[in-house]
Amino acid sequence: MKHALAERDGARALQICLSEVPFISSIIIEPESNPVGHYDLIATFKVRGEPTTIVAEVKANGQPRLARDAVNQLLRIKTNQPNWYPVLIAPYISPESAGICRDAGIGYLDLAGNAYLAFDRLFIKREGRKNPFVSTRALKSLYHIKSSRVIRVMLCNPGRTWRINDLRREANVSIGLTSNVKRMLMDREWVDENRNGITLTRPEALIDGWSKQYSFNRNQITSFYSLDDPVAIEEKLVNECRRNDVRYAFTSFSAAARYAPAVRYRKVTVYIDSLLSRIAEESGLKPVISGANVLLAEPYDEGVFYGCRDVDGTVIANPVQVYLDLIHRKDRGREAAEMLRKQVLEMHW
């Protein structure tokens, strides 16, 4: 038995869509009667008195991989029934999936009523209807703390092909979680898979999606002030972290200036794994509520330390992490992030 609830919702959405057109009449929408049939719904109706047929595939997920599967299935149906117009129906259809459908000459409809139907006697295009079915759960799951370890590893090693077991060891997460991340990336067609493993193919889409979900404030941040200049502050922090055997990594402007020397800054930002108060006190930093020029961050997850680099004796976060920490910063943070992206990240994509 196919997904009856999804089919019922899809049939209702198609009924409403067609009913809103005044010259469409005699609408009948039925599920495929054969339980092993090749489509989910068939709609017969009249357009200005002329009989018309729509055949639809209903998917619970409108991401590109599933959309492409549905399109291929619908094209096979159209080969046998050239007068039928094929349509993909899903709760939400991503822009990439919409493009896949249009390129194949197939219509689409989401459960909010956004639609694109274009064939002989009919053209319906509706955009901009707010879609309550857009679920951020999948995106939040993809960029969740532990999941983000996996995508950070992939973004920091662009072009590498990963076997799942190797990837989960590198990210220090379970094989089940790694497999779930793989599935979500494949649904979006952001990775390719072959017998050797998976390879990230859309790093720009992955990091753009992450940056929309990411917040530096997820870390526990304490603000301080120092009369010293940034170079002197950083030198003291490095010395104290070494002396206390504390893991650290500079990020934000402090790291971006080392990746892209054109970046100028006056505020120091550093991840410190432990003993934050002691490191601050021994570095001569004074806690403040406003006017801070030093931010010490206890990381939300140890993944922020993945791929750290040593630049002239100073440890800085990997460029992916630095980009994320900068992109939403005020005081020219986005500008610095875009410079880092062009001069460092995109050079390896």
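Read-outs throughout are calculated quantities, based only on the coordinates presented, and are distinct from any laboratory measurement. Bear in mind that the values here come from a model prediction, so they are computed numbers and not experimental data. Because the Cβ atoms are built from the backbone with ideal geometry, glycine has one as well, and the counts that use them run over all protein chains shown.
Computed over the chain with a Gaussian network model linking Cα atoms closer than 10 Å, the most mobile of 268, 231, 173 is 231.
Give a quick list of GluC sites (Glu not before Pro) in region 35-130 that DSSP marks as loop, anything other than H, G, I, E or B, with at most 15 other Cβ atoms within 10 Å.
Values: sites: 57, 96, 127; in loops: 127.
Counting only loop positions with at most 15 other Cβ atoms within 10 Å, the GluC sites (Glu not before Pro) in region 35-130 are 127.
Please tell me the relative contact order of the chain in percent, rounded to the nearest whole number, where contacts are Cα pairs under 8 Å and at least six residues apart. If you can, show how the numbers build up before the last one.
Values: 580 pairs, mean separation 38.5, N = 349.
Relative contact order, the chain: 11 percent.
With a 10 Å cut-off between alpha carbons and a GNM built on the chain, which of 316, 327, 16 moves the most? Ranking 316, 327, 16 by mean-square fluctuation puts 16 first.
Taking a straight Cα-Cα cut-off under 18 Å and skipping sequence neighbours fewer than 8 places away in the same chain, the lysines within cross-link reach of residue 330 are 212, 267. Between residue 160 and residue 300, full extension at 0.36 nm per residue minus the direct alpha carbon distance yields a gain of 47.7 nm.
Which of the aspartates and glutamates could a cross-linker bridge to residue 130, judged by Cα under 19 Å and excluding same-chain residues fewer than eight apart? Straight-line reach from residue 130, under 19 Å: 9, 20, 96, 110.
Counting Lys and Arg as +1 and Asp and Glu as -1 over every other residue whose Cβ lies under 12 Å from the Cβ of residue 282, the net charge comes to +2.
Name the shape class, rounded, prolate or oblate, that the alpha-carbon gyration tensor gives for the chain, where a ≥ b ≥ c are the square roots of its eigenvalues, rounded holds for a/c under 1.5, and otherwise prolate holds if a/b is larger than b/c and oblate otherwise. If you can, show how the numbers build up before the last one.
Details: a/c = 3.24, a/b = 2.59, b/c = 1.25.
Prolate, since a/c reaches 1.5 and a/b exceeds b/c.
Taking a ≥ b ≥ c as the square roots of the eigenvalues of the Cα gyration tensor, region 286-345 is oblate, since a/c reaches 1.5 or more and a/b is not larger than b/c.
From the square roots a ≥ b ≥ c of the eigenvalues of the alpha-carbon gyration tensor of region 237-290, which class results: rounded (a/c under 1.5), prolate (a/b over b/c), or oblate? Don't skip to the answer; put the middle values down first.
Working: a/c = 2.52, a/b = 1.47, b/c = 1.71.
Oblate, since a/c reaches 1.5 and b/c is not below a/b.
Here is how the number arises for the chain: DSSP H runs of 4 or more residues each give -39500 (n - 2.57), the sum is divided by the residue count, and the result at 222 nm is -12000 deg cm²/dmol.
Roughly what % of DSSP beta bridges within region 216-348 run antiparallel, to the nearest 5? Bridges in region 216-348 that DSSP calls antiparallel: roughly 70 percent.
The alpha-carbon of residue 182 sits under 18 angstrom from the alpha-carbons of these lysines, leaving out residues fewer than 8 places away in its chain: 140, 146. Going by Cα centres, region 175-214 and region 251-284 are how many Å apart? Region 175-214 and region 251-284 have Cα centres spaced 31 Å from each other.
Ranking 26, 156, 88 by Cα position along the charge dipole of the chain, where only Lys, Arg, Asp and Glu carry charges on their C-beta atoms, puts 26 farthest toward the positive end.
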